[in-house]
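Student: Below: one structure in structure tokens.
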2 protein chains.
Amino acid sequence: MKGRSATIRDVARHAAVSVASVSRALNGLNSVHPETRARVVASAKTLGYVPHAGARSLSMARTHAIGVVLPDLHGEFFSEIVRGMDRETGARGYHLLLSNMHADAELAAQAMRSMRGRVDGLIVMAPQLDATGLDEALPPGVPAVLVNARDPGGHAGMRIDNAAGIDALVAHLVGSGRRDLVHIAGPAGNIDGDERRASFAAAMARHAPDRPVRIVAGNFREEGGQQAVAALLREDAAFDAIVAANDMMALGALTALRTAGVDAPGAVAVTGFDDIPLARYLGLTTVRLHLAEMGARAVARLVDTLEGAEDARTLELVTPELVVRTTTPDRTSP
Amino acid sequence: MKGRSATIRDVARHAAVSVASVSRALNGLNSVHPETRARVVASAKTLGYVPHAGARSLSMARTHAIGVVLPDLHGEFFSEIVRGMDRETGARGYHLLLSNMHADAELAAQAMRSMRGRVDGLIVMAPQLDATGLDEALPPGVPAVLVNARDPGGHAGMRIDNAAGIDALVAHLVGSGRRDLVHIAGPAGNIDGDERRASFAAAMARHAPDRPVRIVAGNFREEGGQQAVAALLREDAAFDAIVAANDMMALGALTALRTAGVDAPGAVAVTGFDDIPLARYLGLTTVRLHLAEMGARAVARLVDTLEGAEDARTLELVTPELVVRTTTPDRTSP
DNA sequence: CCGCCGCCTGTAACCGGTTACATAGTCAGG
DNA sequence: CCTGACTATGTAACCGGTTACAGGCGGCGG
């Protein structure tokens, strides 16, 4: 409509006061005569004045925005984390600046740099970057919380407690009468995959120390679960439970078992990891990740340090919750 | 570490040139002597200089960010739209500023205002706001694309083509031998629910004009589908197909039919709307929404108008895609 | 030798707010 | 009546960039 929208100086002129008074009046600050304030507010309304957040940020050195750098996450995972962040962020009066999908480390680094001056802090989930590469990429002086990073280095970190999740699953299986467990692992090199594999070995040592630790390779995808089961059947292995590193592979394993004529979950119990929506429909026993909570906590910690609290710079774990369904029936009470 | 991070003046001092030269050198602009440029680049690197995006935005009156105002969307829906936006936004060199979850119109309006000076344009999905309320809430001079708005008024709009989706489903059902279709509607007042209900009537008139238009109430949730089926069975209605207004209700309908002993999909075919991930697993015939594409198109249109193209201010529809699965078996070729 | 032109660079204004500091006015206490 | 404190307001610097404008300088044609 009109050329450009009203600035604070337009309001000042219209109300016949100085810009300082306008600023003070509109921010409810210091001492402003009630009558002056009323005049300013009226002028602002008639001019349709909306403060320019960018200018304010510049002069206050505070943007009230936090940046989020994520890899190319899929569906549920992405949406849950971001939802949690968004909830907390809104509650604390901040905004979220997204920068998703970064193919390689260079792009991710560039994305992080391009946020300097736009955000007060960063939440970074960058599987491609190691600790030192990350320190180089982070704009100096911008606090950060690392989510799911292999090594948070000197920063605050958030991570899923994979060990607790796997331990709960193994304990549950052993407790319901299973003895010969097999783990279908995630892709090598993936943080969660690696942790879950190691945790499986640890959990077996704790709950079934007399049994061997059996692990077959997988890839977090449905076919991976199918192929793993096919390999197991081919070598005629004896097992009565499968602990898949995530739900999708558990699904694949389940269908592969059934099409091969194996009684699942009767003869072979199956567990997953993640609790995707499908798991509920298929009755899959699994662990729920509380991703939204993790996102919210990451924001909460970041905002806390932004607002002066001590920066803990510690790694905080989010404990998954065991969800028992029908793929792990109890064998101990026949 | 060091007190505050380097500014352009620090670089200028270090390289013994003026700030203007630094700016020109780093932006690959105009005419800068190669040697000078090299010196500037070297200084910038040793000082760890990262440009301050906020300051740049202020002076250029361009933020290269676009704001997104969404209601509290759940899972798949939210994530798909945002994913599409993010993809396009990254490809065009922009950022995405999220402001999710706005309980009422007032909060949504406030969220939109708070974005002035932070973004170059807005993508708004605000079911609570009507056209005029929206025009008041929009900061002046900020172009906007409205997603799923009942009436885009004078703005550009994006919407799912509900009529095309319902028509495809009804055509498919009638084509496979069904005649007595029942629609389980969405909640009254919801845009998509209303459109789908009206479209169902229109589609029936087109493809099965001799049959009555039967509609029962629903609420987009699983129980809604169950309750609708219960009501139908209670009144002993004769029907051989159910067209649910979304997938969740279709699921509810399916399970309710089966637990009531009705042969589904043999005696009663069932269709949904949305194509949520579960639909594939349950073999539900439905239509796929291409939400990511809608988000991407919204961004593309917005960026186009920001970069000078003609602003079409037109309502653009995204056509859903029919996905035929097992809940609608063919009856015409016995 | 002069003037002009093109290349390179510097100075300073500007974007739209906030805020330290100065100042004018009012009022009470001594 | 003077002084000090306090309130209300204005002036101008500042945040960190971009860029219009003004030179300075060297080369070249006349």
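The values are calculated or read from the model by the stated rules, or taken from the named source; none is laboratory data. Only a predicted model underlies this, so the values are computations on that prediction, with no experimental measurement involved. Using ideal geometry, Cβ is built from the backbone for each residue, glycine included, and neighbour counts are taken over all protein chains shown. SASA here: full protein model, heavy atoms, side chains in, ligands and nucleic acids out. Shrake-Rupley method; radii C 1.70, N 1.55, O 1.52, S 1.80 Å.
Student: In units of 2.2 N^0.38 Å, what is the alpha-carbon radius of gyration of chain A? Working shown, then result.
Tutor: On the way: Rg = 26.7 Å, N = 334, 2.2 N^0.38 = 20.0 Å.
Output field value: 1.33.
Student: What is the dipole size for region B:8-51, taken about its Cα centre, with +1 at each Lys and Arg Cβ and -1 at each Asp and Glu Cβ, in debye to the nearest 20? The partial results should precede the final answer.
Tutor: Working: 6 positive and 2 negative charges, 5 e Å.
Here region B:8-51 has a charge dipole of around 20 debye.
Student: Under a GNM of chain B (C-alpha, springs under 10 Å), which listed residue has the highest mean-square fluctuation: B:Pro152, B:Pro143, B:Pro277?
Tutor: Per the Cα network of chain B with a 10 Å cutoff, B:Pro277 tops the list.
Student: Give me the percent of the accessible area of chain B that comes from carbon and sulfur atoms, probe 1.4 Å, all protein chains in place. Could you put the intermediate results ahead of the total?
Tutor: Working: 7630 of 14330 Å².
Answer for chain B: carbon and sulfur cover 53 percent of the accessible area.
Student: May I pose another question? Tell me, what ³J(HN,Hα) does each residue in region A:216-223 have, in order and in whole Hz, if you take phi through Karplus 6.51 cos²θ - 1.76 cosθ + 1.60 with θ = phi - 60° and put x for Gly and Pro?
Tutor: Once rounded to whole Hz, the list reads 10, 6, x, 9, 6, 10, 4, 4.
Student: How high is the relative contact order of region B:1-135? Use alpha-carbon pairs under 8 Å, at least six apart in sequence, and give a whole percent. Provide the component values of the computation, followed by the final result.
Tutor: Working: 144 pairs, mean separation 32.3, N = 135.
About 24 percent, as a whole number.
Student: Say each of B:Ala20 and A:His74 gets a label point 7 Å from the Cα, pointing the same way as Cα to Cβ; how far apart are those two points in nm?
Tutor: Label at B:Ala20, label at A:His74, 5.5 nm between them.
Student: Check B:Leu96: other-chain or 5+ apart residues with amide H under 5 Å from its amide H, H built from backbone geometry?
Tutor: A:Leu98, B:Ile66
Student: Gaussian network model of chain B, Cα springs within a sub-10 Å range: biggest mean-square fluctuation belongs to which of B:Ser99, B:Ser199, B:Ser31?
Tutor: B:Ser31
Student: Still on this model: Amide H of A:Gly157: which non-local residues (sequence gap of 5 or more, or other chain) have their own amide H closer than 5 Å, using H built in the peptide plane?
Tutor: A:Leu146, A:Thr314, A:Leu315, A:Glu316
Student: Further question on the same structure: Taking 2.2 N^0.38 Å as the expected size of a compact globular protein, what ratio does the Cα radius of gyration of region B:185-334 give against it, to two decimals? Intermediate results must be reported in sequence, preceding the final value.
Tutor: Numbers: Rg = 17.9 Å, N = 150, 2.2 N^0.38 = 14.8 Å.
Compactness ratio reported: 1.21.
Student: Follow-up. Please turn the phi angles of region A:230-241 into ³J(HN,Hα) values with the Karplus equation 6.51 cos²θ - 1.76 cosθ + 1.60 (θ = phi - 60°), one per residue in order, whole Hz, x for glycine and proline.
Tutor: Ordered by residue, 3J(HN,Hα) equals 4, 4, 4, 5, 4, 8, 6, 6, 9, 7, 10, 7 Hz.
Student: How do B:Asp210, A:Asp311 stack up against each other in accessible area, from largest to smallest, with a 1.4 angstrom probe? Mind dumping the intermediate values first?
Tutor: On the way: B:Asp210 100, A:Asp311 50 Å².
Most to least solvent-accessible, the answer reads B:Asp210, A:Asp311.
Student: Here's something else I'd like to know. R0 = 41 Å: FRET efficiency of A:Gln110 with B:Arg234, Cβ-based, nearest 0.05? Write out the running numbers ahead of the final one.
Tutor: Values: r = 62 Å, r/R0 = 1.51.
For R0 = 41 Å, the calculated efficiency reads 0.10.
Student: Hey, what did region B:8-51 get for relative contact order, percent, Cα under 8 Å, at least 6 apart?
Tutor: Details: 38 pairs, mean separation 17.6, N = 44.
It rounds to 40 percent for region B:8-51.
Student: Just to verify a number: FRET efficiency for B:Glu136 and A:Glu321, C-beta to C-beta distance, R0 = 60 Å, to 0.05? Working shown, then result.
Tutor: Details: r = 45 Å, r/R0 = 0.75.
The computed FRET efficiency comes out at 0.85.
Student: Could you give the length gained on full extension between B:Arg4 and B:Lys45, defined as 0.36 nm per residue of separation minus the Cα-Cα distance, in nm?
Tutor: Values: separation 41, 0.36 × 41 = 14.76 nm, distance 1.60 nm.
Gain in length upon complete extension: 13.2 nm.
Student: How long are the semi-axes of the equivalent ellipsoid of the protein assembly as shown, taking √(5λ) for every eigenvalue λ of the Cα gyration tensor, in whole Å from largest down?
Tutor: Details: eigenvalues 467, 274, 88 Å².
After diagonalising the Cα gyration tensor, the semi-axes are 48, 37, 21 Å.
Student: Net charge near A:His64, counting Lys/Arg +1 and Asp/Glu -1 over other residues with Cβ under 15 Å of its Cβ? Numbers along the way, then the final one.
Tutor: On the way: positive: A:Arg56, A:Arg62, A:Arg92, A:Arg118, B:Arg113, B:Arg116, B:Arg118; negative: A:Asp86, A:Glu88, A:Asp120, A:Asp304, A:Glu307.
Residues near A:His64 contribute +2 overall.
Student: Next question. Which order do A:His155, A:His14 take by accessible area at a 1.4 Å probe, largest first? Provide the component values of the computation, followed by the final result.
Tutor: Details: A:His155 35, A:His14 105 Å².
Largest accessible area first, the list is A:His14, A:His155.
Student: Let me ask something additional. Considering only the label points, 7 Å along Cα→Cβ from Cα, what distances in nm to one decimal separate B:Pro34 from the same position in each other copy, shortest first?
Tutor: Between copies, matching label points for B:Pro34 lie 7.2 nm apart.
Student: Report the paramagnetic label zone for B:Arg313: residues of region B:106-127 whose backbone N is under 18 Å from a point 7 Å from Cα along the Cα-to-Cβ axis.
Tutor: Taking a point 7 Å out along Cα→Cβ of B:Arg313, the residues of region B:106-127 whose backbone N falls under 18 Å are B:121-124.
Student: Same structure again: Given contacts defined as C-alpha pairs under 8 Å and at least six residues apart, what's the relative contact order of chain B, whole-number percent? Numbers along the way, then the final one.
Tutor: Values: 604 pairs, mean separation 57.2, N = 334.
Worked out over chain B, it gives 17 percent.
Student: Note down the accessible area of A:Glu223, probe 1.4 Å, to the nearest 10 Å².
Tutor: That residue has around 70 Å² of solvent-accessible surface.
Student: In debye, nearest 20: dipole of chain A around its Cα centre with unit charges on the Cβ of K, R (+) and D, E (-)? Each step should come with its number before you reach the end.
Tutor: On the way: 35 positive and 38 negative charges, 357 e Å.
The dipole magnitude comes to about 1720 debye.
Student: Hey, another quick one. When the helix-only estimate is applied to chain A (DSSP H runs of n ≥ 4, each -39,500 (n - 2.57), divided by the residue count), what is the mean residue ellipticity at 222 nm, nearest 500 deg cm²/dmol? Walk me through the numbers before you get to the answer.
Tutor: Numbers: 13 runs with 150 residues, N = 334.
After summing the helix terms and dividing by residue count, I get -14000 deg cm²/dmol.
Student: Continuing with this model, one more query. Between A:Arg211 and B:Arg280, take the C-beta separation as r, use R0 = 30 Å, and let me know the FRET efficiency to the nearest 0.05.
Tutor: Once the sixth-power term is evaluated, E becomes 0.25.
Student: Hey, another quick one. Using only protein heavy atoms and a 1.4 Å probe, report how much of A:Asp104 is accessible, in Å² to the nearest 10.
Tutor: 70 Å²
Student: Quick check: the angle from helix A:191-207's long axis to the longest principal axis of chain A, C-alpha only, nearest 10 degrees?
Tutor: The angle comes out near 50 degrees.
Student: Protein chains only, probe 1.4 Å: how do B:Arg62, B:Arg87, B:Arg179 rank by accessible area, largest first?
Tutor: The ranking, largest first, comes out as B:Arg87, B:Arg179, B:Arg62.
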